[in-house]
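Notes to accompany the following structure.
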Amino acid sequence: IKDDSIDIYDVFKNRIRPYFLRTFMGLGIYLANDNPHEQCVNLYQMIQQYHSFLWLTEVQINSSSLYDNPYYGDKYCGGNYRCIRELTPARISELCRVCDKANTCSLFILWQ
């Protein structure tokens with residue numbers, strides 16, 4: 001683990017950036033190019049366990065705009081907002097498959 005005063009780097013060389021904004025806080029995990037699909041799937045499986053207190057999570061590729069494919073925590077999902085708790089292993093794999101085709105792949109985990 002390495003800390004460069006802005007970001008944290010884990011043992012897989014992923015760059016982790018904490019966010020603290022007025023309306024939310026969270027983590028941006030910028031996946032290293034060493035098997036990003038597998039890392040993304042593993043992170044989503046971990047994230048899913050915390051669906052009751054998260055605001056949203058999403059995969060972002062090539063620095064595209066946020067909230068293109070969000071899944072929301074229990075307090076925020078329903079209607080047009082997809083629920084983290086309803087993610088299936090197949091859907092998680094599909095969401096993360098975009099990481100294989102991208103120059104950069106990030107996973108955002110946010111709570112309010």
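Some observations on this one:
- Candidates 33, 80, 14: whichever shows maximal mean-square fluctuation once the chain is modelled as a Gaussian network with Cα springs under 10 Å: 80
- Once semi-axes √(5λ) of the Cα gyration tensor in Å is calculated for the structure shown, the corresponding label among [x] 20, 17, 13; [y] 21, 17, 12; [z] 30, 16, 10 turns out to be [y].
- Surface composition of segment 6-112: carbon plus sulfur atoms contribute 54% of the solvent-accessible area (1.4 Å probe, protein chains only, all chains present).
- Comparing 21, 43, 56 in a Gaussian network model of the chain, where Cα atoms under 10 Å apart are tied by springs, the biggest mean-square fluctuation is seen for 21.
- Relative contact order (percent, whole number), segment 20-112, Cα cutoff 8 Å, 6+ residue spacing: 46 percent
- Accessible-area ranking of 34, 74, 7, largest first, probe 1.4 Å: 34, 74, 7
- Residue 12/residue 53 FRET efficiency (R0 25 Å; Cβ-Cβ; nearest 0.05): 0.50
- The Cα center of segment 7-33 and the Cα center of segment 46-112 differ in position by 15 Å.
The values are calculated or read from the model by the stated rules, or taken from the named source; none is laboratory data. Source: prediction; values computed, not measured. Because the Cβ atoms are built from the backbone with ideal geometry, glycine has one as well, and the counts that use them run over all protein chains shown. In case anyone asks, the SASA skips ligands and DNA or RNA and just uses the protein heavy atoms, side chains included. Shrake-Rupley method; radii C 1.70, N 1.55, O 1.52, S 1.80 Å.
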